[in-house]
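Just below is one structure, and these are the notes that go with it.
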Amino acid sequence: MSMKRRRIAVRDHGPTCSLAAAIGVLLLALPASAAAASQTFTYTGAEQTFTVPTGVSAVTINAVGAPGSNGDDNSAQLNSYGAVATATVPLPAGTTTLYVEVGGPGGVPDGGFNGGGASAFVGGGGGGASDVRLASATTTPLSVDDTRLVVAGGGGGTGAACAGPNTAGGSAGDNAVSGPGAGGAGSDQCGEGTIGANGGLAGTTGGAGGDGTADLPCNGAPGTLGQGGSTPAATCDSEDWAGGGGGGYYGGGAGGDGIHEAGGGGAGSSFWVSDATNTSMSPDTTGTPSVTITYTAGPSIDATAGAIDPISATADLTTGTAGDQLVAFVAGDSPNGAGNTSKVSGGGLTWTLVGRENKALGDAEVWTAHATGTLTNTPITAKNVAYPNYDESIYVIAFANATGVGATGAFYNKTAGAPSGAINTTQNNSWVFAVGDDWLASAARTPGLGQTIQNTYTDSGGDTYWVQSTTAPTTVAGTPVRINDTAPTTDPYNLFLVEIL
């Protein structure tokens, strides 16, 4: 129980923000940003999935399209490579899964997985595109809904020749080209075929197919949405040697067939959504298709523990993740007069005061420590230092994927008002929490829109100690975030806000 004390009304001019909140001072040195994590997908010939971690609202995608095939001539690599497309893209709210298509290299005569166009005989198949999309290709084909976020076009397939070098397909990723590549034309001259055109960025239609010759008018098929064109069917020429078009946002056109030689296929185009940032595109030089998804996960709650006690409060904390950032939200009671202080210790850890607000009676404080391993029933204690015989509460939250704390703000009202305070976030996907002390009444809080009461303690002396937060991390750094309650509106309070990074 709290010791009895006489309450004295103090005149005040309403809610007050302390200097730290007013000028945005950080009470701890700002740590480095949370380390980025990534997952790389390589070619398997089937769709793969990426599970979006909790708190992730944007990802950076690096996609490498697949190369086209050399056809029946394996004596040299003709460098009909795919594109490298990189972009950071925001994810729609509620996205839990991304679908990954890593393009397959073109074969003889088959096109590569994910849109590579085929050859009919001994020409090279086009390379498949590599892309990441919001809906599965198995249930939502592009003709139904195109949900692709980033696409790296595939290279065109090689056209075979009767002698001399084959006719290379186009390489994707050429910034000078605005759309998908056109297939090369066929030729009646042995060794003088025409290369397929390069695929570029976006485009609104597939690449045109290459023309056949006057003696053999077997034209290659144009590319379409996501699909490279295929070479003339065997009904036109039973020994078609043209290369297939590369897959892409729009596919490249297939090469045209000639009597003694055929053209190479055009490369597919690349793409990223209109609200993407940090974008780039270039031709690949490795011939190895892949997709890498990089992200920075926001903090998540691993474990909690709390306690309230007339002198000091001890919470026994057990965590499930090694290396959690521990944050202790402390509130204490005091007799008439401001200036209460508390201290946190325990677990053999180094606890650091983030900041406090104690202008009104009692105090609201935040302390933090970093655990290198996991904790099992580890006692964490908060002690009322200034007034050791008065109530003390502690609520410890262990945050996974957190690196420390950022912005803080201290707010109080000595008379009456609805608790309220705001800070600007300093890092993407950070989470804003607050601890409060109401020394006038034991009353439940009604949080403002988009907020959650994490914990509440009341005592017989008529005090309320509580912890609340936004319901989820805030996506973008620099966002003003307000913590407030709509009730009660007639009590004094201490309120301290902290950004968890």
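What the table shows:
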item	result
Farthest toward positive dipole pole in the chain [+1 Lys/Arg, -1 Asp/Glu at C-beta], among 98, 269, 160	98
Probe 1.4 Å, protein heavy atoms only - accessible area per residue of the chain in square angstrom	37 Å²
Span from the the range 358-432 Cα centroid across to the the range 169-213 one, whole angstrom	63 Å
Rg/Rg_ref, the range 69-173, where Rg_ref = 2.2 N^0.38 Å and atoms are Cα	1.24
Estimated dipole of the chain in Debye, rounded to 20 [Cβ of Lys and Arg +1, of Asp and Glu -1, Cα centre]	2640 debye
Karplus (6.51, -1.76, 1.60) ³J(HN,Hα), θ = phi - 60°, over the range 204-215, in Hz, Gly and Pro reported as x	10, 7, x, x, 6, x, x, 7, x, 10, 4, 7
As computed over the range 409-501, the Cα convex hull volume per residue (Å³)	73 Å³
Base-10 log of normalised Debye intensity for the chain (one unit scatterer per alpha-carbon) at q = 0.08, 0.13 Å⁻¹	-0.60, -0.97
Sites residue 318 and residue 446 - FRET efficiency at Förster radius 25 Å, r taken between beta-carbons, to 0.05	0.20
FRET efficiency estimate (nearest 0.05) - Cβ-Cβ, residue 489 to residue 51, R0 51 angstrom	0.75
For the range 212-358, convex hull volume per residue from C-alpha positions, Å³	233 Å³
Charge dipole (the chain, unit charges on Cβ, about Cα centre) - positive-most of 458, 58, 83	458
Solvent-accessible area of residue 57 with every protein chain in place, 1.4 Å probe, in Å² to the nearest 10	30 Å²
Rounded percent of accessible protein surface that carbon and sulfur make up, the range 202-247, 1.4 Å probe	54 percent
Nitroxide proxy distance, nm - points 7 Å out along Cα→Cβ at residue 205 and residue 277	3.6 nm
Set of the range 435-457 residues, backbone N closer than 18 Å to the point 7 Å along the Cα-Cβ line of residue 471	445-455
Under the Karplus curve 6.51 cos²θ - 1.76 cosθ + 1.60, θ = phi - 60°, whole-Hz ³J(HN,Hα) for the range 248-256, x wherever Gly or Pro sits	x, 3, 10, x, x, x, 7, x, x
Built amide H within the under 5 Å cut-off of residue 224, gap 5+	229, 251
Cα extents of the range 462-501 along the three principal axes, largest first (Å)	38, 17, 15
Cα Rg, Dmax, the range 116-271, angstrom units	14.4, 47
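The values are calculated or read from the model by the stated rules, or taken from the named source; none is laboratory data. Quick caveat, the model's predicted, so the values are computed rather than measured. All Cβ positions, glycine included, derive from the backbone under ideal geometry; neighbour counts span all protein chains shown. For accessibility, only protein heavy atoms count, side chains too; no ligands or nucleic acids. Shrake-Rupley method; radii C 1.70, N 1.55, O 1.52, S 1.80 Å.
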